[in-house]
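One structure is given here, and the rest of the page talks about it.
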Amino acid sequence: MRAITVAIVVLAVITSACSGSSTVPAETTALTTPFTGSPGATERLLTELDLEGLSRPVSRLRELEFLEPVPVQILEDAAFRVRVNELTAAPPGITPDLQSSWLRLLGLLPAGTNTYAATSRLLQTSVAFYDYEEGRILVRAGAGVDPYVESVVVHELVHALQHQHFGRADPMLLDGDLGYVYTALVEGDAERVTRRFIGELSPADEFAYEEGRLTATEEAIAILDSTPFYLLGSLAQPAADGVRFLQGVDYETVNGFFADLDGLSSLPQSSEEILMPKADLVRPDINLSPVLVLPYERLPVESTLGAGRLRLLLGQVEDTVTAERAVTGWANDRLDIRVSGEAVIFAYLFAGDTGNDAVELADSFGRLLESNLARDAYGSVRISNNQVLILAASDGSVRDRLDEIYSDFGAEVFVATP
């Protein structure tokens, strides 16, 4: 059942970071205004989907009123897939295969796969999503209408409510770990309301909800099973972390997190604060020597993994408890990825609170490299006091150059050679 939980939330996760364009009819003035470009079945679905009846509990449970109507459009499955493809397309200037090269190097994506294509394929099985660009909810006609589908629409109505009151963070500002934090709060907020909505269902509707969820699982299982575990986790885990972080937090405080989405100053500044609310906020300055190997050039990706995504990486080879323990002592990190054609070099510096934290992290990352590292690649783990240096390269011939750059960094405790 965990896999289909991903399908409930992942589309909202992606569309909070991507946008596209579409042509739709003009809006009217109902609280939630239905639109459809297809007659017959879609009109029946709009009638069955009690939009105003769903909006009222969302406002009550989230303690916010809608500022304007939320348009809802039923799309035939083919049109729904087209819109998903638009929203999950790589931004201008981004080469999908290049951007995903380090994930393939670490064995987190199979050869020939990139995150954009895999995400689009997965999200085409979703029930509904909130289109931030157009400010409307799109519902896939093939999903039908039942309490399960209604719960997904409730989730998306919360996103519409967030958008109306607080706007939307610029995806270009959500670099690395801060993007994890933002996603955890936005998705955790929506998921918390959705769970409360489900908890208020009548026994009959609760039974129908479970049946609908099982049906959705059966329809999506082939795609879910073929989606890399890391990608599933990167889409679903922030929402789960957000729900846990927001437990017992009043809505005035939640609203405060979203108070400055232009500058992002009101957000927690690291995923460590989301995972470990009592985390030490004083972080040491650390410096990762740049990977100066010609003709490699720096890949324009985030400069940090953060505790959240580091745990996702380690979760490929560790159980949940071990992965969480390995990142509990996270104090800071730095990331540098370089590419030359199809070749890629990955350099990652981790600072732990203590030397024991460094040892735990080194052991876990060593197991990741040992089991997952791409064929013919080079990998190394070094420890120096409370810091760990991880190196990996798809072309093993650069090992000597990497050893030269980082020869002064502690002791090598793991090495994988072609």
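Here is the figure for segment 238-289: residues that are exposed (fewer than 14 other Cβ atoms within 10 Å of the Cβ), without any contact (Cβ under 8 Å) to a residue 40 or more places away in the chain and of a type in the set (A, V, I, L, M) total 2. Every test in (1) modelled with pLDDT of 90 or more; (2) under 21 Å from Glu187 (Cβ atoms) is passed by Val84 save one, and that test is (1). Candidates in segment 293-345 are the residues that are free of Cβ contacts under 8 Å to residues at least 24 places away in the same chain and in a loop (DSSP other than H, G, I, E, B); of these, the one that is surrounded by the fewest Cβ atoms within 10 Å (Cβ to Cβ) is Leu294.
Tell me yes or no: at least one residue of segment 346-365 is of a type in the set (Phe, Trp, Tyr) and in a helix (DSSP H, G or I). Yes.
Can you tell which of Pro110, Pro69, Pro92 is loosely packed, with under 15 Cβ neighbours inside 10 Å, touching a residue at least 40 places away in the same chain (Cβ under 8 Å) and either in contact with a Ser or Thr (Cβ under 6 Å, 6 or more places away or on another chain) or not basic (Lys, Arg) (or both)? Going through Pro110, Pro69, Pro92 in turn, the sole match is Pro110. Of the residues that make up segment 19-36, is at least one farther than 13 Å from Arg136 by Cβ, modelled with pLDDT of 85 or more and among the β-branched types (Val, Ile, Thr)? Scanning segment 19-36, I find no residue that is farther than 13 Å from Arg136 by Cβ, modelled with pLDDT of 85 or more and among the β-branched types (Val, Ile, Thr), so the answer is no.
When Asp376, Asp400 are checked against the criterion of being charged (D, E, K, R), out of contact with any Lys or Arg (no Cβ under 9 Å at 6 or more places or on another chain) and in contact (Cβ under 8 Å) with a residue 12 or more places away in the chain, a single residue qualifies: Asp376.
Scan segment 190-246 for residues that are charged (D, E, K, R) and under 19 Å from the mean Cα position of the chain (by Cα) and the total you get is 5. Inside segment 214-233, residues that are part of a loop (DSSP other than H, G, I, E, B), out of contact with any helix residue (DSSP H, G or I) (no Cβ under 6 Å at 6 or more places or on another chain) and either of a type in the set (Ser, Thr, Tyr) or farther than 17 Å from Asn372 by Cα (or both) make up a count of 0.
Does Asp395 satisfy being out of contact with any Leu (no Cβ under 8 Å at 6 or more places or on another chain), on the phi < 0 side of the Ramachandran plot, surrounded by 17 or more Cβ atoms within 10 Å (Cβ to Cβ) and not assigned by TED's automatic domain parsing to the domain that holds Leu103? So Asp395 passes the test. Within segment 168-189, restricting attention to residues that are more than 12 Å from the chain's Cα centre (by Cα) and within 12 Å of Leu261 (Cβ to Cβ), the residue that is surrounded by the most Cβ atoms within 10 Å (Cβ to Cβ) is Ala169.
May I ask you to verify whether Val388 is farther than 19 Å from Arg104 by Cα, crowded, with 18+ Cβ neighbours inside 10 Å, touching a strand residue (DSSP E or B) at 6+ places or on another chain (Cβ under 7 Å) and of a type in the set (A, V, I, L, M)? It is true that Val388 is farther than 19 Å from Arg104 by Cα, crowded, with 18+ Cβ neighbours inside 10 Å, touching a strand residue (DSSP E or B) at 6+ places or on another chain (Cβ under 7 Å) and of a type in the set (A, V, I, L, M). The condition of being in a helix (DSSP H, G or I) and either modelled with pLDDT under 95 or at negative phi (or both) holds for Asp241. Residues in segment 126-148 that are in a helix (DSSP H, G or I) and either small (Gly, Ala, Ser) or surrounded by 23 or more Cβ atoms within 10 Å (Cβ to Cβ) (or both): Ala141, Gly142, Ala143, Tyr148. Does Ser371 fit the bill of being part of a strand (DSSP E or B) and either over 26 Å from Ala90 (Cβ atoms) or assigned by TED's automatic domain parsing to the domain that holds Pro91 (or both)? No; evaluated as a whole, the condition is false for this residue.
The values are calculated or read from the model by the stated rules, or taken from the named source; none is laboratory data. Fair warning: this is a prediction, and the values are worked out from it, not measured in the lab. Positions of Cβ are generated from backbone atoms using ideal geometry, with glycine treated the same way; all protein chains shown enter the neighbour counts.
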